[in-house]
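Report on one structure; see the data block that follows.
The values are calculated or read from the model by the stated rules, or taken from the named source; none is laboratory data. Note that the structure is predicted; figures quoted are calculated from it, not measured. Quick reminder, even Gly has a Cβ in these numbers, built from the backbone with ideal geometry, and neighbours come from all protein chains shown.
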Amino acid sequence: MEKGPLKNSTDAEKRMHPRSAYVTNVTYRLVADDNATNPLKGEGLTQNISYEGMCLILNQELSPGAIVELKFDLAEKDFKPIEMRAKIVWQKKIKEGFLTGVKLDID
């Protein structure tokens, strides 16, 4: 299966958990990356979310396998921002930055 955004319903049907469109600001901090020479922080937007993963648009290229700490808000104003770790699975350069698939650390 090709990595990247869903192209058709057949790709969507292969997912274990359905994704829901959800757009909000996200910040990230690089926690672990064998290829990084300095600590990285950045920001972007969420595109969609599921139980195990998210699609993001980030402002920097990161290596697959890198671990980042994400921070983002839910739509409810009474909740604190969500902070969690995620693993970069794939990235694709687009006009707005880097379309990025992450696997959420739910352990």
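This table checks each residue for (1) at pLDDT below 85; (2) charged (D, E, K, R); (3) surrounded by 16 or more Cβ atoms within 10 Å (Cβ to Cβ).
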site: LYS7; (1), (2), (3): yes, yes, no
site: GLY42; (1), (2), (3): no, no, yes
site: SER63; (1), (2), (3): no, no, no
site: VAL68; (1), (2), (3): no, no, yes
site: ASP78; (1), (2), (3): yes, yes, no
site: MET84; (1), (2), (3): no, no, no
site: LYS87; (1), (2), (3): no, yes, yes
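Within the stretch 46-60, track down each residue that is of a type in the set (S, T, N, Q) and within 19 Å of GLY97 (Cα to Cα).
THR46, GLN47, ASN48, ASN59, GLN60
A search for C-beta distances below 7 Å between a residue of the stretch 53-73 that is free of Cβ contacts under 8 Å to residues at least 60 places away in the same chain and any residue that is surrounded by fewer than 15 Cβ atoms within 10 Å (Cβ to Cβ) and of a type in the set (Ser, Thr, Tyr), counting only pairs 6+ apart in sequence or on different chains, returns PHE72/THR24; ASP73/THR24. Within the stretch 43-59, being over 15 Å from ASN25 (Cα atoms) and among the polar types (S, T, N, Q) holds for one residue alone: SER50. In the stretch 9-27, of all residues being among the polar types (S, T, N, Q), modelled with pLDDT of 80 or more and part of a strand (DSSP E or B), the one that is farthest from LEU70 (Cα to Cα) corresponds to ASN25. The number of residues in the stretch 59-87 that are closer than 15 Å to LEU45 by Cα and out of contact with any Asp or Glu (no Cβ under 8 Å at 6 or more places or on another chain) comes to 7. A Cβ distance below 6 Å, combined with a sequence gap of six or more or placement on separate chains, defines the contacts here; from the stretch 75-95, residues that are closer than 18 Å to ASP105 by Cβ and part of a loop (DSSP other than H, G, I, E, B) reach residues that are at pLDDT below 85 and not polar (S, T, N, Q) in the pairs PRO81/ASP73. Within this structure, GLU2 fails the test of being modelled with pLDDT of 85 or more, in contact with an Asp or Glu (Cβ under 9 Å, 6 or more places away or on another chain) and exposed (fewer than 15 other Cβ atoms within 10 Å of the Cβ).
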